[in-house]
Amino acid sequence: MKTVLVTGATSGFGRACAELFVAGGWHAVITGRRKERLDELVDHLGKDKVHGLCFDVRDRHQVEAAIDGLPERFEEIDVLVNNAGLALGLEMAHEASLEDWETMVDTNIKGLLYMTRKVLPGMVERRRGHIVNVGSVAGDYAYPGGNTYGASKAFVSQFTNNLIADLQGTPVRVTNIEPGLAETEFSKVRFHWDATKADKVYKGTEPLNAADIAEAIMWSVERPAHVNVNRIEIMPVCQSFGPMVIVRD
Ligand code: NDP
Ligand code: 8X3
């Protein structure tokens, strides 16, 4: 039986990913801070197949203790989906909250590093494993107000590439999934649960949904062992590129 560990499985992509893997016959370790949601998903998917870990990825000691405390049945992680993450705010850099910036760096960068550094040695030792990072198109294309969020996802992109370089000679694979506009709790979190602002993001669009991303993750994992999918960029048809902006007098 193969085991996937999905961070941030209490909502959005993470939850859809846990559901898809379990439906495909996998065991899953699911994580998040909202315990009641984790418990509900464990009950829904089955305690025999799913184990919940309630911790904050920003806290290195919580990360290490959670992984060290995994029951034997779940301790060999075949696939780590580094999905937990968030955007906070859309203000311009000179007006944005420094606290929000710190939270994004601590979650999207440091949390992903803590999880990777804890789980990766076992994969190398067992000569079996795949790390799937959830980056973003925001890591490739700048937009006003994206500032620290976009930069944190650019980190995810380059860290993925550098992991692939470090893991040469091992069978461990690494992939960066880069979604565009997708309707989850993402915008509610970004706008501090202001539903009106969050709804406006998706109004009149047909955005990606969580299952679209879970399927891309599953596809990258299901490739034959000699294939490493380095990066997948996915946007809804309603999203595209704009011209370079030139400010004129
Ligand atoms: P959601 O807000 O729906 O889900 C985010 C998940 O991350 C939740 O389960 C949340 O769990 C978890 N999480 C956040 N902070 C922490 C933390 N400190 N410790 C542990 N878990 C945490 O958003 P999405 O599903 O959309 O986002 C998933 C990933 O996809 C993120 O990395 C996001 O940046 C990325 N992404 C999203 C896009 C979109 O448009 N939706 C597009 C591109 C990338 P809890 O609150 O219970 O801790
Ligand atoms: C989420 C996509 O465009 O809102 O990473 O930054 S975007």
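Read-outs throughout are calculated quantities, based only on the coordinates presented, and are distinct from any laboratory measurement. Keep in mind it's a predicted model, so treat the numbers as computed, not measured. Cβ: placed from backbone, ideal geometry, glycine included. Neighbour counts: every protein chain shown.
What the table shows:
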quantity	calculated
Residue order, fewest to most beta carbons within 10 Å, for 54, 238, 17	238, 54, 17
For residue 52, distant residues with modelled amide H under 5 Å away	30
Ranked list, fewest to most other Cβ atoms within 10 Å of each Cβ, for 101, 219	219, 101
Whichever lysines have a C-alpha closer than 19 Å to that of residue 197, once near sequence neighbours (fewer than 8 apart) are set aside	188
Candidates per GluC sites (Glu not before Pro) in segment 178-234, loop by DSSP, up to 16 other Cβ within 10 Å	185
Least to most buried among 178, 125 (fewest other Cβ within 10 Å first)	125, 178
Whole-Hz couplings from phi, Karplus 6.51/-1.76/1.60, listed for segment 178-187; x for Gly and Pro	10, x, x, 3, 9, 8, 9, 7, 3, 6
Helix-only CD estimate at 222 nm, as mean residue ellipticity for the chain, using -39500 (n - 2.57) per DSSP H run (n ≥ 4)	-12000 deg cm²/dmol
Among 117, 231, 15: highest mean-square fluctuation, GNM of the chain, C-alpha pairs under 10 Å	117
Cross-link partners of residue 153 among lysines (Cα-Cα below 18 Å; sequence separation of 8 or more within a chain)	110
Interchain or long-range residues, amide H under 5 Å from residue 131's placed H	80, 173, 174, 175
